[in-house]
Amino acid sequence: MRIELEKRANPSTLFSILSPFLALVLTVIAGGIMFALIGKDPVSALYSFFVEPLLDVWSLHEIAIKAAPLILIGAGLSICYRSNNWNVGAEGQFIAGAIAGSIVPVVFHDWHSPLVLPLMLIFGMIGGALYAAVPAFLKAHMNTNEILTSLMLVYIAQLFLDWLVRGPWRSPDAYNFPVTRDFAPEAILPELVSSGRANLGFLLAIVAAVALWIMMRYTLKGFEITVLGQSERAGRFAGFSSKRMIWFSLLLSGALAGLAGISEVSGVIGKLQPIISPGYGFTAIIVAFLGRLSPLGVIAAGLFLALTYVGGEAVQLTLSVSDKVTRVFQGLLLFFVLSCDTLIQYKIRLVFSRLTRSSEGGAQ
Amino acid sequence: MGMLEAILLTVITAATPLVLASIGELVTERTGVLNLGVEGMMVMGAALAFSATQLTGSPYLGILAGIAGGALFSLLFGFLTLTLVANQVATGLALTILGLGVSGQIGEPYAGMSGAKLQPIEIPVLAEIPFIGPLLFRQDIIFYLSIAIVAGVNWFLFRTRAGLKVRAIGDNHASAHALGIHVIRTRYLAVMFGGACAGLAGAQLSLVYTPQWVENMSAGRGWIALALVVFASWRPWRVLLGGYLFGAVSISQLHAQAFGIGIPSQFLSALPYAATVVVLILISHNRRTTLINTPASLGKPFVPDR
């Protein structure tokens, strides 16, 4: 048996809508098989993974908290990937933003003013953008592969943060724990509604995603991104500069990752510590693809992947399944999304014998 | 054993996984396929090799498990990118994310156990040579394999008909297809070879380098291996050179600490990653030479016309 692809005359609209949902269904089925393999009842496991978190207010807040960074980063990455620039170091830009934004509440902790929080958010965006400027510069002017450079910078950012909170920024009254001093109340992102922990970060994420969607759909810049991403040559003829696009897309996605970083530190953790992210920067890559590289799709995808984090924690408690399940789910999901996307461009045909092929296409 | 000998020994141990993973990826990329999942395949190899060794008591079965696991895992990438023509960059990332998750689950029961270290095999006579003997001829089997694979790949690519076909596919898959070369089949084999090598590299990590299982223990080595392929300009012997250079950089932190140099340990740990960036800049800033060296169809999808 062989699988053969036939290119469609036009990309299928049906499958471009259906493909993410198909991928979700396949992931859930594969997840059920996985639970069965490790000896858990698949139905109840899947129920507590995907349904139970939606049923109480506390976990809905948790989903919003985890969706905020995923949507912010994922929306930026979707623009970046559309333009064919492969920033895979959002995790590093997230950390850079968190560090830059924390300068205000850590170094100038005696300064109390309503300006603290806005300054932190701005610093966070600048920090993330500057960190993304490194691979942007190297790609645009040194012809260096941005995938590898942006990824290497993740490790460097993690180590730098580790040094910072164990060294110069360690709180004098934390009994040698590697944390900075707790942020003052005016440096904390306010809560969104009174029923729980979800903070303003979620609102920021939705606003950013909608703004990017408007940019992609109604502005020349959006058109430029699409054209350059599909064909650099065509873009050049239209007078668009691919070098400027490298800068634009990386700085934009870096700034959003940085904003996500400072929002997480300010709204959820309240101080800096050696580890501030459960891999949001990498999970956001999945979010971008599941959202079909559209900022609006990213909102839905971000909420779903946030659910996998919360669901993973839930099954860890109720079924004593390891928290690694979440990562497996996320990886599987990306695989299925990428496979299902094939259906948009191609018809898939199963060929059962060699005869079919020669009778159709003549001698090989 | 002298000081220098001890240092060189650690360099070799640190370099071997890098050499192995890069030489595998080099073959994959020579056929025009960019597999960014090296990190995932490597960490799968490490988890499988360690758990198989614990289950069977034999590190050699562990090595086999690592190789087979890496190769099978890479098939997932092959199926998506070669049969379903999915985006190679995204699929490679997916392989890494999935590999980190699945290996975490496989290795979890064995976390914290101390494993059986792979014993060195002494080569008679040669091992008696002063200085060189203990360094190169009193090593474990994975080290010998790494050298043999590099030599074998070099011979294969530049001295055999099949190697010529591999290079032809990498430089122009459409022409190769027109000449009747099996593009997809060759690419599947090359992807699996890359997976097997990455799995073996992982086995070295969990059986030789640090004989235990730690989550995410590949710690970016798969990505460094990818950079090494660029560094080596897709030439096998240069992989060896690059691997040893990076091995030296990555163990310099241990020795710098031993000598009491007052640089924070985090900065020293960051050295291999920073060095990777620097090396990439040095190698690729000249657009023309990069263009000449890179397999021309690298990363481009191919659907055979009928």
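The values are calculated or read from the model by the stated rules, or taken from the named source; none is laboratory data. Keep in mind that this is a model prediction, so the values were computed, not measured. Positions of Cβ are backbone-derived with ideal geometry, glycine not excepted, and every protein chain shown enters the neighbour counts.
Mind listing just one residue for me: the one in the range A:108-143 that is of a type in the set (Gly, Ala, Ser) and under 25 Å from residue A:250 (Cα atoms) and, of those, farthest from the chain's Cα centre (by Cα)?
Filtering the range A:108-143 for residues that are of a type in the set (Gly, Ala, Ser) and under 25 Å from residue A:250 (Cα atoms), the one farthest from the chain's Cα centre (by Cα) comes out as A:140.
Which one is nearest to the other protein chains (Cβ to nearest Cβ), of the residues in the range A:57-85 that are in contact with a Lys or Arg (Cβ under 9 Å, 6 or more places away or on another chain) and hydrophobic (A, V, I, L, M, F, W, C)? Steps first, answer last, please.
First, the residues of the range A:57-85 that are in contact with a Lys or Arg (Cβ under 9 Å, 6 or more places away or on another chain): A:58, A:61-62, A:64-65, A:78, A:85.
The next check asks that each one be hydrophobic (A, V, I, L, M, F, W, C); those that pass are A:58, A:64-65.
Working: A:58: 26, A:64: 23, A:65: 22 Å.
My answer is A:65.
Against the conditions (1) among the hydrophobic types (A, V, I, L, M, F, W, C); (2) more than 11 Å from every other protein chain (Cβ to nearest Cβ); (3) part of a loop (DSSP other than H, G, I, E, B), where does residue B:303 fall short? Just the number, please.
Status for residue B:303: all satisfied but (2).
Anything in the range B:218-237 that is among the hydrophobic types (A, V, I, L, M, F, W, C) and either more than 11 Å from every other protein chain (Cβ to nearest Cβ) or within 16 Å of residue A:146 (Cα to Cα) (or both)? List them, or say none.
B:223, B:224, B:225, B:226, B:227, B:228, B:229, B:230, B:231, B:232, B:234, B:237
If I go through the range A:216-232 residue by residue, how many of them are under 19 Å from residue A:87 (Cβ atoms) and either in contact (Cβ under 8 Å) with a residue 60 or more places away in the chain or surrounded by fewer than 16 Cβ atoms within 10 Å (Cβ to Cβ) (or both)?
Looking only at that region, the number is 8.
Does the range A:84-99 contain any residue that is more than 25 Å from residue B:91 (Cβ to Cβ), surrounded by fewer than 24 Cβ atoms within 10 Å (Cβ to Cβ) and at pLDDT 95 or above? Give the steps one after another, and end with the answer.
Within the range A:84-99, the first condition is being more than 25 Å from residue B:91 (Cβ to Cβ), and the residues that meet it are A:95-99.
With surrounded by fewer than 24 Cβ atoms within 10 Å (Cβ to Cβ) added as a condition, the list becomes none.
Within the range A:84-99, not a single residue is more than 25 Å from residue B:91 (Cβ to Cβ), surrounded by fewer than 24 Cβ atoms within 10 Å (Cβ to Cβ) and at pLDDT 95 or above.
Show the residue pairs that are 6+ apart or on different chains and have beta-carbon atoms under 8 Å apart, the first residue being within the range A:67-83 and part of a helix (DSSP H, G or I), the second being hydroxyl-bearing (Ser, Thr, Tyr) and surrounded by fewer than 24 Cβ atoms within 10 Å (Cβ to Cβ).
A:69/A:277; A:78/A:294; A:82/A:226
Considering only residues that are among the charged types (D, E, K, R) and within 12 Å of chain B (Cβ to nearest Cβ), which ones fall in the range A:293-334?
Result: A:323, A:324, A:327.
Please state which one of B:46, B:6 is of a type outside the set (Ser, Thr, Tyr), more than 14 Å from chain A (Cβ to nearest Cβ) and either in contact (Cβ under 8 Å) with a residue 24 or more places away in the chain or closer than 16 Å to residue B:194 by Cβ (or both). Break it down stepwise before answering.
Details: B:6 fails: either in contact (Cβ under 8 Å) with a residue 24 or more places away in the chain or closer than 16 Å to residue B:194 by Cβ (or both).
None of the others qualify; the one that does is B:46.
Filtering the range A:145-174 down to residues that are out of contact with any Pro (no Cβ under 8 Å at 6 or more places or on another chain) and outside any helix (DSSP H, G or I), which residue is nearest to the other protein chains (Cβ to nearest Cβ)?
Checking each candidate, the answer is A:145.
Within the range A:287-295, can one find any residue that is under 19 Å from residue A:99 (Cα atoms) and of a type in the set (Phe, Trp, Tyr)?
First, pick out the residues of the range A:287-295 that are under 19 Å from residue A:99 (Cα atoms): none.
No: the range A:287-295 contains no residue that is under 19 Å from residue A:99 (Cα atoms) and of a type in the set (Phe, Trp, Tyr).
Report yes if residue A:42 is more than 22 Å from the chain's Cα centre (by Cα) and loosely packed, with under 15 Cβ neighbours inside 10 Å, otherwise no.
So residue A:42 fails the test.
Can you report the number of residues in the range A:21-43 which are away from chain B (no Cβ under 14 Å) and either in contact with a Leu (Cβ under 6 Å, 6 or more places away or on another chain) or touching a residue at least 24 places away in the same chain (Cβ under 8 Å) (or both)?
Qualifying residue count, the range A:21-43: 2.
Consider residue A:173 carefully, then state whether it is buried (at least 16 other Cβ atoms within 10 Å of the Cβ) and more than 19 Å from residue A:125 (Cβ to Cβ).
Spelling it out, it is not the case that residue A:173 is buried (at least 16 other Cβ atoms within 10 Å of the Cβ) and more than 19 Å from residue A:125 (Cβ to Cβ).
Hey, any hits in the range B:238-251 for a residue that's more than 10 Å from chain A (Cβ to nearest Cβ) and at positive phi?
No, every residue in the range B:238-251 fails to be more than 10 Å from chain A (Cβ to nearest Cβ) and at positive phi.
Before we move on, is residue B:263 surrounded by 14 or more Cβ atoms within 10 Å (Cβ to Cβ), over 19 Å from the mean Cα position of the chain (by Cα) and without any contact (Cβ under 8 Å) to a residue 60 or more places away in the chain? Write out each step before concluding.
Numbers: surrounded by 14 or more Cβ atoms within 10 Å (Cβ to Cβ): no; over 19 Å from the mean Cα position of the chain (by Cα): yes; without any contact (Cβ under 8 Å) to a residue 60 or more places away in the chain: yes.
No; evaluated as a whole, the condition is false for this residue.
This table checks each residue for (1) in contact with a strand residue (DSSP E or B) (Cβ under 9 Å, 6 or more places away or on another chain); (2) buried (at least 19 other Cβ atoms within 10 Å of the Cβ); (3) under 28 Å from residue A:61 (Cα atoms).
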| residue | (1), (2), (3) |
| --- | --- |
| A:127 | no, yes, yes |
| A:130 | no, no, no |
| A:142 | no, no, no |
| A:154 | no, yes, no |
| A:157 | no, yes, no |
| A:167 | no, no, no |
| A:177 | no, no, no |
| A:186 | no, no, yes |
| A:192 | yes, yes, yes |
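Quick one: which of B:38, B:85, B:43, B:11 is among the β-branched types (Val, Ile, Thr) and in contact with a Pro (Cβ under 6 Å, 6 or more places away or on another chain)?
Of the residues listed, the single one that is among the β-branched types (Val, Ile, Thr) and in contact with a Pro (Cβ under 6 Å, 6 or more places away or on another chain) is B:85.
Is there a residue being among the small types (Gly, Ala, Ser), in contact with a helix residue (DSSP H, G or I) (Cβ under 8 Å, 6 or more places away or on another chain), crowded, with 22+ Cβ neighbours inside 10 Å and more than 30 Å from residue A:324 (Cα to Cα) anywhere in the range B:176-185?
Yes, the range B:176-185 contains a residue that is among the small types (Gly, Ala, Ser), in contact with a helix residue (DSSP H, G or I) (Cβ under 8 Å, 6 or more places away or on another chain), crowded, with 22+ Cβ neighbours inside 10 Å and more than 30 Å from residue A:324 (Cα to Cα).
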